[in-house]
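Below is one structure, written out as structure tokens; the observations come after it.
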Amino acid sequence: MNKPMRFAIIGCGAVTEVKSGPAYQHAEGIALIGVTRRDLEKAHDYAKRHNVAKVFASPSELINDNSVDAVYIATPPDSHKAFALEVAAAGKPCCIEKPLAPSYQDSLDIVTAFKEAKQPLFVSYYRRSLPRFNHVKQLLEQGAIGKPRHVSWHLSKAPSALDLSGEYNWRTDQNVARGGYFDDLASHGLDLLAYLLGDFNKVHGLCANQQGLYSAFDAITAHWQHQSGVTGTGSWNFASSNRFDDVMIFGSEGELSFSVFDEKPILLNNAQGKQEFVIDNPAHIQQYHVENMANYFHAQQPHPSSGESALHTSWVMEKILSG
């Protein structure tokens, strides 16, 4: 294919302003040709500011327009399934924002639809494409800490002004995101750990709502085992006084530590001493994720974040939230 894949966005909201939208415009082999969202006035404003040629009147119009080769769904997760099934029925490739869907069953239905349509499905677990995490993967594969034995991740933050206000936030509405911020944030890290250490095998969780500020859970803990035998523990608390984001992988010959969201240095401690690696993220965080989609379409190179890999992450999350 010599022509760029022409993408259009359903839901050109906050995540598409800097994180993803410009990446679709700048990646060689990809073109962003249209957008839509529920508030069409905001869609026109987005298109004007980002120099996007077309605003579609509805998602269905966008999905079925012959000028659109592929669709990027960037809406809240409770709407992913309906839009995704329509894209699959139209016989077009699709990228969906994470998490794939609010439940494992909905995620499975989406993946099955694209399998039956024989169309590629990608999910925006873009950390699989970022250089800093691929450096962690390389260190693990090179045996920098020997054989990985255990991983621990703790993420916490204080309630936001929006949380305290009681105003509506879809991210903490249990009907949209049962795990609240866990769904939005922990999904990234759990998917990353599957990428670094292999698929999960056994998973157990404990969930609570400690603050009573919203309907979703705000405190979740879990323990698990990867198919490789590596054990793991995690805690995600959104009722704490301070922010922490720390991952530690313990190995037979050393340790690796890093942050999922913060651009802290990667720290390696082994028999050769302590090393620090500073690898900055790109200005548009989904840049390499989108470039890898271009490589898939134009060079038949596998993409690290597929519907299948995201489905596994949905299974892990559901196991944790089910207790």
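The values are calculated or read from the model by the stated rules, or taken from the named source; none is laboratory data. No experiment lies behind these values; they were computed from the predicted model shown. Ideal geometry is used to build each Cβ from the backbone, glycine not excepted, and the neighbour counts take in all protein chains shown.
Of the candidates T112, T75, T16, the single residue that is within 26 Å of S187 (Cα to Cα) and free of Cβ contacts under 8 Å to residues at least 24 places away in the same chain is T112.
Scanning the stretch 244-270 for residues being under 20 Å from the mean Cα position of the chain (by Cα) and either farther than 16 Å from R132 by Cβ or not in a strand (DSSP E or B) (or both) gives a total of 7. Selection of the stretch 1-29 for residues being outside any helix (DSSP H, G or I), surrounded by 22 or more Cβ atoms within 10 Å (Cβ to Cβ) and of a type in the set (V, I, T) yields I9, I10. Hey, among the residues in the stretch 96-115 that are assigned to a helix (DSSP H, G or I) and either in the same structural domain as D184 (by TED's automatic domain parsing) or among the charged types (D, E, K, R) (or both), which one's farthest from the chain's Cα centre (by Cα)? That would be K115. Taking the criterion of being small (G, A, S), surrounded by 13 or more Cβ atoms within 10 Å (Cβ to Cβ) and in contact with a Gly (Cβ under 6 Å, 6 or more places away or on another chain), the only residue of the stretch 229-277 that qualifies is G251. T231 meets the conditions (1) of a type in the set (V, I, T); (2) more than 27 Å from V15 (Cα to Cα); (3) in contact with a helix residue (DSSP H, G or I) (Cβ under 8 Å, 6 or more places away or on another chain) in every case but one. The failed one is (3).
Rundown of residues vs (1) among the β-branched types (V, I, T); (2) surrounded by fewer than 21 Cβ atoms within 10 Å (Cβ to Cβ); (3) farther than 23 Å from R38 by Cβ; (4) touching a residue at least 12 places away in the same chain (Cβ under 8 Å), yes/no style:
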site	(1), (2), (3), (4)
V87	yes, no, no, yes
R132	no, yes, yes, yes
P148	no, no, yes, yes
L155	no, no, yes, yes
S165	no, yes, no, no
G179	no, no, yes, yes
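Condition (residue is closer than 29 Å to L121 by Cβ, in contact (Cβ under 8 Å) with a residue 40 or more places away in the chain and in contact with a helix residue (DSSP H, G or I) (Cβ under 8 Å, 6 or more places away or on another chain)) applied to the stretch 267-281: is it met by at least one residue? Yes: one or more hits.
For the stretch 271-291, filtering for residues that are under 15 Å from L192 (Cβ atoms) and not in a loop (DSSP other than H, G, I, E, B) leaves 2. Selection over the stretch 137-166 of residues that are in a loop (DSSP other than H, G, I, E, B) and either among the basic types (K, R) or not assigned by TED's automatic domain parsing to the domain that holds F244 (or both) gives a count of 2. Within the stretch 215-225, the residues that satisfy the criterion of being touching a strand residue (DSSP E or B) at 6+ places or on another chain (Cβ under 9 Å) and either without any contact (Cβ under 8 Å) to a residue 60 or more places away in the chain or more than 20 Å from L197 (Cα to Cα) (or both) are F217, D218, A219, I220, T221, H223, Q225.
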